[in-house]
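Student: Take this structure, written in structure tokens, and hold onto it; I'll ask about it next.
The values are calculated or read from the model by the stated rules, or taken from the named source; none is laboratory data. Here the structure is a predicted model, which means the values were calculated and not measured. Don't worry about glycine lacking a Cβ; one is built from the backbone with ideal geometry, like all the others, and counts go over all protein chains shown.
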């Protein structure tokens, strides 16, 4: 079946079997390997991508179901080549990762959270990332990273304060 | 009435899932499993040499045809044609079942884009919600919040945000997971399910809809189109909901939901109480409501009534929670839900 996906702002047409998950389609057809395969039945959250801006499990969706939707993967959040988004930057700075396997999904989940709620409480952050399992259990720094990114993003485009 | 899981597999097939899933107990247990490959390595692991990029990678679900009908008439015609077809909308329950090959439909009929099936509207003294209305939409819906507060209360507990963004109300109901919160609210409030079979529409009460774990009274060739929740007209309404699960928003081991209406003097006019995840399908505890209606709700009386109501049930039992635990947890959660509901109703000013 021919499927047209708008991946990171670009129209990509792919020919897929109906049973191919969106995750496999992104990884194997479009070579966007930032979406990770973990449990592949909707529990671990490693495959999280944004569909029309909302986080979703790409393993729980067939590529054919996503026809025409706007999909954002971790490859699509950077402002430019070689640059990092403020959330990625914050993850680096607070060391919000250990092995890194859950990290792309954590960052996309954080993007969706902060787009919706620019000033989240710690509880809001914990609730949002409760959908993503980190087997290294490095949650403390992940929460710290998202809180730091929220402060920075709120500060963006604000008039500089006079001393 | 609810059967223990072992007995359920002998029940008459009444729903496609039952035909494609051999052992419902196994299906439920696997759905609760976090690492399926360890649990069922032979059946579920990928085959082939993964170090070599393959032009046709192996996939977890069995092959199927995919159809996206333009409207409900077309969808119903496809269902009527048989061929082991199943409806898919959000896919948040069906896709994991297919990935484990516990469900192997030959044809998937995708109704997610049929616009007529996604709505929230006032209808016949109640609030009708279209089957493909996504859970994330309900979570923020002002009409639901005002008219079906118990449903609004449980929405944040339905999976995670990433599940609610795709999962639908109809999907949660039609797949009938015993731990599903929306199903619990439907049974507790006495909702009505509306479905289409061929050209005919029919209705079934929530109390008759759920038959067992992942089994419903919905005919195999029918498509659930909407659910209608009753709207309480009382001025002082309060709701309460509690569940226990191993992790935030994971499948509950026990859940309880209560909606109460108080009069101006704080006397309970109406109470709806239900427990979920405890038995094969959600259960409404009408004896508790009878015992408390017309009284100022005393926690001790509520506790005694809840215990009596749960004394004879046959709870589910698995690796995560024993039957005894579920019964005790359900009793505590039910009392807390009633107490919360009463407190919220007292705080609501008579309008």
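Student: Quick one: which helices (runs of 4 or more DSSP H) sit completely within region A:89-163 and have at least 1 residues that are under 16 Å from the mean Cα position of the chain (by Cα) and under 19 Å from residue B:159 (Cα atoms)?
Tutor: By residue number, A:103-116, A:122-129.
Student: Could you please find all residues in region B:236-265 being under 24 Å from residue A:42 (Cβ atoms) and not in a strand (DSSP E or B)?
Tutor: B:246, B:247, B:248, B:249, B:250, B:251
Student: Regarding residue B:191, is this residue in contact with a strand residue (DSSP E or B) (Cβ under 6 Å, 6 or more places away or on another chain), crowded, with 22+ Cβ neighbours inside 10 Å and either farther than 15 Å from residue B:227 by Cα or assigned by TED's automatic domain parsing to the domain that holds residue B:259 (or both)?
Tutor: For residue B:191, the condition - in contact with a strand residue (DSSP E or B) (Cβ under 6 Å, 6 or more places away or on another chain), crowded, with 22+ Cβ neighbours inside 10 Å and either farther than 15 Å from residue B:227 by Cα or assigned by TED's automatic domain parsing to the domain that holds residue B:259 (or both) - is not met.
Student: Now for a different question. Keeping to region A:54-80, report how many residues are more than 9 Å from chain B (Cβ to nearest Cβ) and touching a helix residue (DSSP H, G or I) at 6+ places or on another chain (Cβ under 8 Å).
Tutor: 9
Student: In contact (Cβ under 8 Å) with a residue 12 or more places away in the chain and more than 29 Å from residue B:101 (Cα to Cα): does that describe residue A:46?
Tutor: No.
Student: Taking the condition of being within 19 Å of residue B:272 (Cα to Cα) and part of a strand (DSSP E or B), how many residues in region B:205-228 meet it?
Tutor: Looking only at that region, the number is 4.
Student: Further question on the same structure: Go through region A:36-50 and give me each residue that's buried (at least 22 other Cβ atoms within 10 Å of the Cβ) and at the interface with chain B (Cβ under 8 Å from one of its Cβ atoms).
Tutor: Once the filter is applied, which keeps residues that are buried (at least 22 other Cβ atoms within 10 Å of the Cβ) and at the interface with chain B (Cβ under 8 Å from one of its Cβ atoms), region A:36-50 yields A:40, A:41, A:42, A:43, A:44, A:45, A:48.
Student: Going by the conditions given, is residue B:96 crowded, with 23+ Cβ neighbours inside 10 Å, within 14 Å of chain A (Cβ to nearest Cβ) and assigned to a helix (DSSP H, G or I)?
Tutor: Answer is yes for this residue.
Student: Further question on the same structure: In the set B:137, B:158, which member is within 18 Å of the chain's Cα centre (by Cα), within 22 Å of residue B:87 (Cβ to Cβ) and without any contact (Cβ under 8 Å) to a residue 24 or more places away in the chain?
Tutor: Just one listed residue meets the conditions, B:137.
Student: Quickly run through region B:114-125 and pick out the residues that are in a strand (DSSP E or B) and farther than 22 Å from residue B:156 by Cα.
Tutor: B:122, B:123, listed by residue number.
Student: Among the residues of region B:288-300, are any within 19 Å of the chain's Cα centre (by Cα) and not assigned by TED's automatic domain parsing to the domain that holds residue B:210?
Tutor: no
Per-residue answers, yes or no, for (1) in a loop (DSSP other than H, G, I, E, B); (2) assigned by TED's automatic domain parsing to the domain that holds residue B:257; (3) more than 27 Å from residue B:148 (Cβ to Cβ):
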| position | (1), (2), (3) |
| --- | --- |
| B:304 | no, yes, yes |
| B:308 | no, yes, yes |
| B:318 | yes, yes, yes |
| B:321 | yes, yes, yes |
| B:335 | no, yes, no |
| B:340 | no, yes, no |
| B:343 | no, yes, no |
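Student: Same structure, new question: Among what's in region B:63-75 and is more than 7 Å from chain A (Cβ to nearest Cβ) and part of a loop (DSSP other than H, G, I, E, B), pick the residue that is nearest to residue B:97 (Cα to Cα).
Tutor: In this case the residue turns out to be B:68.
Student: Right, something else. Has region A:61-78 got at least one residue that is part of a loop (DSSP other than H, G, I, E, B), under 12 Å from the mean Cα position of the chain (by Cα) and farther than 20 Å from residue A:131 by Cβ?
Tutor: yes
Student: Another question, if that's okay. Exactly one of (1) away from chain B (no Cβ under 11 Å); (2) surrounded by 15 or more Cβ atoms within 10 Å (Cβ to Cβ) is unmet by residue A:122. Its number?
Tutor: Result: residue A:122 passes all but (2).
Student: OK, next. Exactly one of (1) touching a strand residue (DSSP E or B) at 6+ places or on another chain (Cβ under 6 Å); (2) surrounded by 24 or more Cβ atoms within 10 Å (Cβ to Cβ) is unmet by residue A:29. Its number?
Tutor: It is condition (2) that residue A:29 fails.
Student: Given the criteria under 20 Å from residue A:128 (Cα atoms) and in a helix (DSSP H, G or I), does residue B:144 qualify?
Tutor: For residue B:144, the condition - under 20 Å from residue A:128 (Cα atoms) and in a helix (DSSP H, G or I) - is not met.
Student: Does region B:16-26 contain at least one residue that is within 14 Å of chain A (Cβ to nearest Cβ) and either modelled with pLDDT of 55 or more or over 29 Å from residue B:280 (Cβ atoms) (or both)?
Tutor: no
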